[in-house]
Each structure stands twice: as structure tokens, then as C-alpha cells.
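The structure appears right after this line, and notes come after that.
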Amino acid sequence: MIQSMTGYGKHVVQLPSKKITIELKSLNSKNLDINARIPQAFREKELPLRKKIADSLTRGKVDFGLYVEITGAETTAEVNSAIVKQYMEQLRQLADGDDTKLLEMALRMPDTLKTDKDDIDPEEFKTIEKALQEALTAINAFRSEEGKVLEADFLKRLKTLEGLLEDVKTMDADRLGTIRERLEKAIADLTVEVDANRFEQELIYYLEKYDITEEKVRLANHLQYFTETLNSSDSNGKKLGFISQEIGREINTIGSKANYAPMQQLVVQMKDELEKIKEQMLNVL
């Protein structure tokens, strides 16, 4: 089952004197790109938190936020006045507002509280890790639901491609007959005599160049392989991307060999469906 790279997960934990919020957002990306927003007091734990995210999400542009809000007495904490003033000045440049409003907004920003406590409480960090795991579970569930929507769209477009391929197969016999008639008429219009045996040999060679039997077989196999990969236990967007490239190669070859307007119209429709698949493929994990 495929997963989308788009997702959202959040988990909140209320401790006796503070509220801890973990928030994760992800969008599509070729690789894993984690943008972490963590209070200064927890910077030393950033790497293990990043590793936990990387192990779970694999790919995507991920915004990770760890927010700690003091809700009770913290004897070692005090307002970081310099940081708060800097936030207020920056906010004042962005929007008008009185000092009270700006102060309220500034105090919600990271690192507005400083503490003399140097060591992170191990139990508190365990709580953060558990909260992160809950948020990861939530974002993966979100990704799976989005994946179901993508899968339904892929299956719909694959069915359309299979139908167009059947139309190509049905049309193929008429196509070769029309090409043969066109060539025979062109020869008949010539004022010079043509060796019938030689002409037949050249005609067979010419028609063989326009034969698309192998392309039809390979295209059918690629469509089937795409469907099988969709139904596999893991999500592999890169593999699906490679298969879609092979599908496009066969469609292009059929188009270049067609030499028959009705079939080329079918090829255009096939290319249109494939482009829509490729657009959605960018979101697949």
C-alpha cells in the first residue's frame, strides 16, 4: 500500500508545570529534509530526535516543532528580556500593534524563558520521546489515508490506459492494412515499372519497421507491474517512478511507429493520462 509524503501529526503532553507540544508537517521531496524548531534548552537532544523522525518518515520535507510552555511555577526560570525585545522589534516591523499585543505574541516565541538548569531531566525527555512517537504515529496514519486517495486515482488512470491499449490492439490490423494500401497506391502512380517480387520484399521490410507487437506486450506488462507494485506491502514511490518512465517509453515508441492518425490520437490520450500519473507520483513516499 502506498503512502503520501504529505502529512500532519501533533501530540500534546501536560506536565505539572509545563505543556509540551510536538508538531510534524511533511510535504513531498526527493530526499528527507528535516527542519527542526527546538528550544535552546533541548538543542543537545536534537540529533536523537532527528534520528527518530528519519527512521519513521524516510522521505519528505519535514517541519518538526517542539514547543514547551510553562504553565506552573518554575523557580529557576525567568523571562529572557533581550530575546523578547528582539522579537517585539521584528514583529513591529511586520505589523502594527500596541506593545501589549506585541508582548503577548513575543512571549509565545522560542527561548523567551531562560533557566539556570543545565541538565535536561531524563524523565522529561522520555516524555518528549513518547510524545514524538505519538505524533509520528499520527502523521503516518495521515500519510496512509492520503495514500489511499492517490492509489484510487492511479488505479483509475491505469484502467484508462489499459482500455486505450486495447483500442490500439484492435486498430493495429486496420493500421497496417491502410499503410500497405497507401504504399501500393504510391507505387501504382509511378510511371516506371517496378519488380513485383522486389517491391513485395521491400514492403514487408517497411511494414516490419512499423510493427508495434513488442511495444504492446511490454506496455501491458509495465501496466501490470505498476498495479502489482501499488499492491505491495511497502510504499516505493521511486520504483513506481521508474515503471512510469518505462510506460512512457513504450507509449512514445508506439506513437513514433504509428504512422496512422487514429492511433496517434489514442497515443495522445495515453500520454495525457500518464502525465497525470507522474504529477501525482511526486507525492508518493
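The values are calculated or read from the model by the stated rules, or taken from the named source; none is laboratory data. Small disclaimer: the values here were computed from a predicted structure and weren't measured. All Cβ positions, even for glycine, are placed from backbone atoms using ideal geometry, and neighbour counts span all protein chains on display.
Could you tell me which numbered condition Met88 fails, if it satisfies all but one of (1) closer than 30 Å to Ser4 by Cα; (2) surrounded by 12 or more Cβ atoms within 10 Å (Cβ to Cβ)?
All conditions are met except number (1).
Give the stretch 140-193 a look and list any residue that's at pLDDT below 95, in a helix (DSSP H, G or I) and among the acidic types (Asp, Glu), or say none.
Those that are at pLDDT below 95, in a helix (DSSP H, G or I) and among the acidic types (Asp, Glu): Asp172, Asp174, Glu181, Glu184.
Just to check your reading of the model, which residue among Glu123, Glu89 is over 18 Å from Gly9 (Cα atoms), assigned to a helix (DSSP H, G or I) and over 38 Å from the mean Cα position of the chain (by Cα)?
Numbers: Glu123 fails: over 38 Å from the mean Cα position of the chain (by Cα).
Going through Glu123, Glu89 in turn, the sole match is Glu89.
Can you name the residue in the stretch 10-26 that is at pLDDT 95 or above and more than 14 Å from Glu129 (Cα to Cα) and is also surrounded by the fewest Cβ atoms within 10 Å (Cβ to Cβ) among such residues?
Ranking the qualifying residues of the stretch 10-26, first place goes to Lys25.
What's the number of the condition Ser81 fails, among (1) polar (S, T, N, Q); (2) within 30 Å of Val284 (Cβ to Cβ); (3) surrounded by fewer than 16 Cβ atoms within 10 Å (Cβ to Cβ)?
So Ser81 meets the others, but not (2).
State which residue pairs qualify: first residue in contact (Cβ under 8 Å) with a residue 24 or more places away in the chain and inside the stretch 238-267, second residue assigned to a helix (DSSP H, G or I) and acidic (Asp, Glu) in any location, beta carbons under 7 Å apart, and separation of 6 or more residues or different chains.
Glu250/Glu215; Thr253/Glu215; Ile254/Glu215; Leu266/Asp167
Which is modelled with pLDDT under 90 and either touching a strand residue (DSSP E or B) at 6+ places or on another chain (Cβ under 9 Å) or crowded, with 16+ Cβ neighbours inside 10 Å (or both), of Thr127, Thr115?
Thr115
Which of the strands (runs of 3 or more DSSP E) found entirely inside the stretch 1-78 contain at least 2 residues meeting this: small (Gly, Ala, Ser) and closer than 16 Å to Asn140 by Cα?
Those strands (runs of 3 or more DSSP E) span 7-14.
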